[in-house]
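Okay, structure first, notes after.
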Amino acid sequence: MNERLRKSGIDIIGDVPWGTHICQFYRTKEDLLDILIPYFKAGLENNELCLWVTSQPLDVKEAKEALRRTVSDLDSYLDKGQIEIIPYTHWYLKEGSFDSGKVLSGWIEKLRYASDSGYDGIRLSGNTSWLDKEDWNSFVEYKEQADNVIGNYRMLTLCTYSLSKHNTAEIIKLVVNHQFSLIKREGKWERIESSKRKKVEEEAIQATKNWEYTFDAVPDLIAIINTEYQVVRANKAMATRLGVTPEECVGLTCYRVVHGTDEAPSFCPHRQLLKDELEHTKEVFEDQLGGNFIVSVSPLHDSKGKLTGCIHVARDINERKKAEEALRQSEEKYRNIVDTANEGILILDAEERTTYVNEKMAEMLGYSPEEMIGRSAWDFTEEENKAIHRLNMEKRQQGIDESHEFKFICKDGSPLWMLVNTKSFFDRDGKFTGSMGMLTDVTKRKEAEDKLKETLDNLEKLVEERTIQLEKAYNSLKESEKGLAEAQRMAHIGNWDWNIETDKAYWSEEMYRIFKRDPQKLAPSLDEYLSYIHPDDLDYYCKVNDYTKKVRTSGLDFRIVLANGEERTLHIKSDFIFNDENIPIRVKGIVQDITEHKKAEEKTQSLANIVESSNDAIGTVSLDGIITSWNRGAEQVYGYSAEEVLGKTISIVAPFHLCEETKKLTGMVKQGKKSTFMRLHG
């Protein structure tokens, strides 16, 4: 076989003989291109047949575009067939599964074609990111067979492995079984040389001298342990945790130095491996090593297949544990917020079955949460509104989220009007999985609106009839004000948290909705946030919310202008968070959209102005005959000011000879009958 050296195209590798098998570890797409582009460029320029088998994170189109930027005449090479760039499904998984025999036959066929076509040899690269864990052992066997093929033919091979898909034990085995391994550290590629096909533990230990840098560089705690529980080799990370040097680790009994016991504990993965010679993984807590670890062991055998020990890897998961605990506390916090919210929250699955309901929602409908779980949303909908409900659910399935009013039926059969704000849910494949609703009771407001409309429609009737109707409208107005106050407490509220030093902020999802800001964007800085505030309100806002004075904002109404020009009115409350030195480090608060509340206040004032400005004499009288209201028209008609008559009996304006008629009319009103008129003296 011609042993003439070939140009690898990789600076730190240089020229190599046929049969060279290179391994590259990568983290990013850019890492792959750093090595593969010059590798294939050298092959094309030196009359070699090239085959590039791609997989994620680099597809065929991206590979061609990247190579074309370096090889300007790439299309001519593609046209004449000197290079093929194909996806892994067209090579490793031709018939839907991995068959090592067929893949090896494919390599031989390519080699024959290269020879028949006048090429010097063949240059290959394959990405293994498509491999699942269950296929790994089969792939390792295939690699061992492929090594024999590569070493005996005019072939150069570069295999690429993602660091994120392989554990430390697998990476070590890969380094041992490749002639060269490339790994990037601190932005620079480094070459690791290793003897091939190590069969016995002693040779593996000797080989570690060639990849000691890698062995000691990884942060995991790694040790090679024999069948007597003695440490044969330990990396720097393991030695540091034990408070000794790597050399001092050799010969130590692992369970004594790690667990402080006279025998291996029952949960020890190495103890289980000695029984069944299989890989094992266990999550353990060990004070001596510094907390929580994922411990995995992989068996080591000699050339005769006899078990000689294991590769023992302990990965520190303390940070992950802290993150999990923080996530649990966060979930618990937000669940408490949801469970105690003043708004009803209802979550339905794709079949419209209730999967979650908070206490407030169940209370408003007269059920317990347990009674509602599993029931269809149709059970809480009256018959005449089911067509509307069906239309609303079709919108949810289409991803259309909206706010609308809907009438529910309570457990006792009474109606309940709700303001419903909806959110559709979809899985990663875009399949509809359900929806969530935030519901506010607006029944009193609806009743007040209906009564108000009825009052306005009948303003032109007789004075006596209008007086009774306006009294009802007045009482309804009071109820409406109470309803609006309740609606304000249950209105959309977003929470935020601002780091004073870094000017970084956190916004809840509701904040993004209120400001109609893209939730994919980061929360705005202070300057960007202030740009939302209406110019007329900005100075006052900044004066009240002067965070340099450490003053808690008890409440402030202000306006914002959204990107589409829409104005909204908000209410803000905020408070400081101090460090141990009583220095403010963060500000947290809530923002509530009170636009609708402001509009309701304007409507209420408009009605009061109508009554007050009417030229008709309008007053209200209690069933006991006491005057409770008296407008300007009444003052002009009867000559009494409001101060003179409020709290007095109606007899002050009714002549003595009409007392019986007054009593008669009052009796009719108490019975719910309408009166026609009553003669009074002004």
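Some notes on this structure:
The rows are residues; the columns are (1) basic (Lys, Arg); (2) modelled with pLDDT under 75.
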{"position": "GLY589", "(1), (2)": "no, no"}
{"position": "THR595", "(1), (2)": "no, no"}
{"position": "SER622", "(1), (2)": "no, no"}
{"position": "ARG632", "(1), (2)": "yes, no"}
{"position": "LYS663", "(1), (2)": "yes, yes"}
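- Residue match in segment 403-414 (condition: at pLDDT 90 or above and among the acidic types (Asp, Glu)): yes
- Options LYS451, LYS407: the member that is open to solvent by less than 50 Å² (accessible area, probe 1.4 Å), without any contact (Cβ under 8 Å) to a residue 60 or more places away in the chain and touching a helix residue (DSSP H, G or I) at 6+ places or on another chain (Cβ under 7 Å): LYS407
- GLU62 within 26 Å of TYR142 (Cβ to Cβ) and either assigned to a helix (DSSP H, G or I) or without any contact (Cβ under 8 Å) to a residue 40 or more places away in the chain (or both): no
- Residue count, segment 578-616 (criterion: in contact with a strand residue (DSSP E or B) (Cβ under 9 Å, 6 or more places away or on another chain), among the aliphatic types (A, V, I, L, M) and either open to solvent by less than 40 Å² (accessible area, probe 1.4 Å) or part of a helix (DSSP H, G or I) (or both)): 4
- All positions within segment 65-89 that are in contact (Cβ under 8 Å) with a residue 40 or more places away in the chain and in a strand (DSSP E or B): ILE83
- Selection status of ARG6, farther than 23 Å from ASP132 by Cβ, without any contact (Cβ under 8 Å) to a residue 12 or more places away in the chain and either open to solvent by 50 Å² or more (accessible area, probe 1.4 Å) or not acidic (Asp, Glu) (or both): no
- Residues in segment 101-135 that are part of a loop (DSSP other than H, G, I, E, B) and closer than 24 Å to SER162 by Cβ: THR128, SER129, TRP130, LEU131, ASP132.
- Pairs with Cβ under 6 Å, 6+ apart, first in segment 97-118 and within 20 Å of ASN47 (Cβ to Cβ), second open to solvent by 40 Å² or more (accessible area, probe 1.4 Å): LEU111/TYR153
- Residues satisfying the stated conditions in segment 215-268, i.e. open to solvent by 60 Å² or more (accessible area, probe 1.4 Å), touching a Leu at 6+ places or on another chain (Cβ under 9 Å) and not polar (S, T, N, Q): ARG241, GLU248
- Out of LYS386, LYS461, one residue alone is more than 30 Å from GLY619 (Cβ to Cβ), surrounded by fewer than 18 Cβ atoms within 10 Å (Cβ to Cβ) and at pLDDT below 85. It is LYS386.
- Condition check for ASP59 on (1) at pLDDT below 90; (2) surrounded by fewer than 20 Cβ atoms within 10 Å (Cβ to Cβ): one failure, at (1).
- Helices (runs of 4 or more DSSP H) wholly inside segment 352-403 that include at least 2 residues being under 19 Å from LYS423 (Cβ atoms): 359-365, 386-397
- In segment 85-107, the residues that are open to solvent by 60 Å² or more (accessible area, probe 1.4 Å) and over 40 Å from the mean Cα position of the chain (by Cα): LYS102, SER105
- Within segment 311-325, at least one residue is touching an Asp or Glu at 6+ places or on another chain (Cβ under 9 Å) and either open to solvent by 30 Å² or more (accessible area, probe 1.4 Å) or of a type in the set (D, E, K, R) (or both).
- ARG197 being modelled with pLDDT of 70 or more and not polar (S, T, N, Q): no
- Of all residues in segment 510-528, those satisfying the criterion of being over 17 Å from THR422 (Cα atoms) and either touching a Leu at 6+ places or on another chain (Cβ under 6 Å) or of a type in the set (Gly, Ala, Ser) (or both) are ALA523, SER525.
The values are calculated or read from the model by the stated rules, or taken from the named source; none is laboratory data. Bear in mind that the values here come from a model prediction, so they are computed numbers and not experimental data. Every residue, glycine as well, gets a Cβ built from its backbone with ideal geometry; the counts of neighbours run over all protein chains shown. Only protein heavy atoms, including side chains, enter the accessible area calculation; ligands, DNA and RNA are left aside. Shrake-Rupley method; radii C 1.70, N 1.55, O 1.52, S 1.80 Å.
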